[in-house]
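The values are calculated or read from the model by the stated rules, or taken from the named source; none is laboratory data. Model, not experiment: these values are computed from the prediction. We place every Cβ from the backbone using ideal geometry, glycine too, and count neighbours over all the protein chains shown. Just the protein is used for accessible areas: all its heavy atoms, side chains included, with ligands, DNA and RNA removed. Shrake-Rupley method; radii C 1.70, N 1.55, O 1.52, S 1.80 Å.
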Amino acid sequence: MQRRQFSLAAATAATSLAWGANTAFSQQAAPKEGKDYVRLSKPAPTEAPAGKVEVVEFFWYSCPHCNDFEPTFAAWKQKAPANVVVRRVPVAFNASFVPQQKLYFALQAMDNFDAMHVKVFRAIHVERNKLAKDEDIFNWVAKQGVDVNKFKEIYNSFNVSSQVRKATALQQAYDVEGVPSMGVAGRYYTDGPRAGSMTNVLNVVQHLVAQSANA
């Protein structure tokens with residue numbers, strides 16, 4: 001959450017969504033540009049190979065709505081078809097967000113990322129460990145059975161710094177207003193306030209994926 005409060009009404013229902021024509025969205029009116037989503041005035045960069053459609057989830061570990069949405073998004077991500085590339089991008093609305101960006105990318109470079117990603121959310125939202133500063137992060141990582149020296153080396157590496165810069169640049173290219181929110185194909189942006197709920201955001205994203213694949 002940042003700048004605006006994002007609605008997650010009925011978000012857990014999204015776990016029942018399936019990719020394809022039989023989604024809940026197929027029984028609804030097509031989403032409208034300017035209402036349910038916006039088209040970027042200038043395309044954002046994507047990392048998807050030719051013939052693939054990239055879907056980006058913008059998030060922040062300390063955002064309670066991102067914490068609530070994570071299981072739904074993870075389940076939805078697993079159902080993505082072969083022509084879709086799904087990735088998460090940690091945001092930074094100011095410098096205080098950077099340690100958690102670095103935490104995400106450092107964990108990505110190590111083993112057992114999926115489990116550690118979930119543990120970060122739990123540490124912040126259940127165990128009330130803010131993980132907002134470097135030393136707090138290092139102390140927590142050391143308790144997770146991770147080689148903390150190796151983690152520190154990756155955390156402070158040029159590669160992680162570069163990934164942080166790219167993440168923030170992509171956030172700016174999509175003009176992200178808050179989290180959780182989604183970008184599609186470097187061309188479209190949607191979020192809870194626009195779509196009405198995060199459940200419907202996923203329906204909108206599926207529509208935009210199909211639209212982009214057929215473009």
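Numerical summary
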| item | result |
| --- | --- |
| Top-ranked residue in segment 190-214 [being free of Cβ contacts under 8 Å to residues at least 24 places away in the same chain and open to solvent by 30 Å² or more (accessible area, probe 1.4 Å); ranked as nearest to Arg39 (Cα to Cα)] | Gln211 |
| Top-ranked residue in segment 114-139 [being on the phi < 0 side of the Ramachandran plot and basic (Lys, Arg); ranked as most open to solvent (accessible area, probe 1.4 Å)] | Lys130 |
| Residues being open to solvent by 60 Å² or more (accessible area, probe 1.4 Å) and closer than 22 Å to Cys66 by Cα - total across segment 140-160 | 0 |
| Pair list, Cβ under 8 Å, 6 or more apart: segment 154-176 residue more than 16 Å from Arg87 (Cα to Cα), other residue open to solvent by 40 Å² or more (accessible area, probe 1.4 Å) and part of a helix (DSSP H, G or I) | Tyr155/Asp134 |
| Residue within segment 57-64 that is open to solvent by 20 Å² or more (accessible area, probe 1.4 Å), part of a loop (DSSP other than H, G, I, E, B) and under 16 Å from Gln163 (Cα atoms) present | yes |
| Condition broken by Thr168, with the remaining ones in (1) in contact with a helix residue (DSSP H, G or I) (Cβ under 7 Å, 6 or more places away or on another chain); (2) within 23 Å of Phe93 (Cβ to Cβ); (3) open to solvent by 30 Å² or more (accessible area, probe 1.4 Å) satisfied | (1) |
| Segment 58-78 residues that are at negative phi and of a type in the set (Ser, Thr, Tyr), paired with ones that are open to solvent by 10 Å² or more (accessible area, probe 1.4 Å) and not in a helix (DSSP H, G or I) (beta carbon under 8 Å, 6 or more apart) | Ser62/Lys130; Ser62/Ala132 |
| Test: residue in segment 79-102 that is under 24 Å from Asp68 (Cβ atoms), of a type in the set (Lys, Arg), in a strand (DSSP E or B) and in contact (Cβ under 8 Å) with a residue 12 or more places away in the chain | yes |
| Residue that is farthest from Gln171 (Cα to Cα), among those in segment 103-113 that are in a helix (DSSP H, G or I) and open to solvent by 10 Å² or more (accessible area, probe 1.4 Å) | Phe113 |
| Test result for Pro49, over 16 Å from the mean Cα position of the chain (by Cα), in a helix (DSSP H, G or I) and either without any contact (Cβ under 8 Å) to a residue 40 or more places away in the chain or loosely packed, with under 14 Cβ neighbours inside 10 Å (or both) | no |
| Residue that is among the polar types (S, T, N, Q) and at pLDDT 95 or above, where the choices are Asn112, Asn94 | Asn94 |
| Pick from segment 195-215, criterion of a type in the set (Val, Ile, Thr) and either closer than 12 Å to Ala185 by Cα or at pLDDT below 95 (or both), ranking: nearest to the chain's Cα centre (by Cα) | Val205 |
| Residues within segment 122-144 that are within 19 Å of Val164 (Cα to Cα) and in contact (Cβ under 8 Å) with a residue 40 or more places away in the chain, tallied | 2 |
| Per-region count, segment 177-189, residues crowded, with 24+ Cβ neighbours inside 10 Å and farther than 17 Å from Ala48 by Cα | 3 |
